[in-house]
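Let me begin by presenting the structure, written as C-alpha cells, before commenting on it.
Bear in mind these aren't lab numbers, they're just calculated from the coordinates by the rules spelled out. This structure is a prediction, so every number in the text was calculated from the model and none was measured. With ideal geometry, Cβ positions are generated from the backbone for all residues, glycine too; neighbour counts draw on all protein chains shown.
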Amino acid sequence: MIKKTLNKLALFLGIFLMFGIIMFPGMRDAIGKLMDILLKPLLGGLPLHMIIFVLAAITGLYASLIQKYTMDWELMKRVQERMKNLQAEFKQAQLSNNESKIKKLQGQQADMMGDQMDMMKQQFKPMLYISIISIPLFFWVYLVISQRPDATMVFPFWGPQKLTDTLLGPFQYWLFWYFLCSIPVSQMTRKALNIGGM
C-alpha cells in the first residue's frame, strides 16, 4: 500500500515537473534557486564545464538504473523481435504479390497494437521518474549559466564557444555538452547491466 502510494506520488511529481514548466514559467527559477542551496559548493571546486560533466554522468547513470528496474526488457525484446519478423514476412508477401498473406499479416499488425501500447507505457513511466532528478539539475545549470553569460568552453572543431550561445534553435552549447557527456556513461552502464536499447 505504501509502495503504491509512493509510486503514484513519484509519477505525479514527474508529470508536474515535465508539464509544470510550461504552465508556470517562474517555476524554473524557483527550482533552480532551491537546487542552488544544495549544489552551490560545487562551484568553488570545479570549472563550470566539469560540473556539467559530473551532473551529466550522474544523469546517465541513474537514468540507466531506473530503466533497468522499471522496464520489462523481456517484453521489449519479444515485441521488437515479433515486429521484425512480421515486417520481413510482409515484405516477402508484397514481393510475391500474395494478397491473402498480406491480409493475414495486416490482421496480425492490428493485434500487435496492444503490445506496442504496452511498450510505450513501459518507456513513459521511467521517463517520469528520471525527470524528478534531471529537471531540477537542468534548472540549476540553467540558473548558473545565465548568471555567467561570458562562460566559455573549447569544443573540438568549433573552438571556444560561450555556453549560453545557441548551437541549433534554442539548443545552447551547455545543453549540447550535457547530453554529449551523459551518453557514454549511459551506454557503459547499459552494457554493464545488460540493458537493451531504447
- Message: Condition check: within 30 Å of residue 165 (Cα to Cα) and of a type in the set (Val, Ile, Thr). Does residue 102 satisfy that?
- Response: no
- Item | Hits in the range 112-162 (condition: touching a strand residue (DSSP E or B) at 6+ places or on another chain (Cβ under 6 Å) and either over 17 Å from residue 175 (Cβ atoms) or of a type outside the set (Phe, Trp, Tyr) (or both)) | 152, 154, 160, 161, 162
- Message: Of the conditions (1) under 25 Å from residue 173 (Cα atoms); (2) part of a helix (DSSP H, G or I), residue 14 satisfies every one except a single condition; which number is it?
- Response: (1)
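Restricting attention to the range 139-197, report how many residues are of a type in the set (Gly, Ala, Ser) and more than 17 Å from the chain's Cα centre (by Cα). Break it down into steps so the answer makes sense when it comes.
At the first step, the residues of the range 139-197 found to be of a type in the set (Gly, Ala, Ser) are 146, 151, 159, 169, 182, 186, 192, 196-197.
Going one step further and asking which of them are more than 17 Å from the chain's Cα centre (by Cα), we end up with 146, 151, 159, 169, 192.
So the count comes out to 5.
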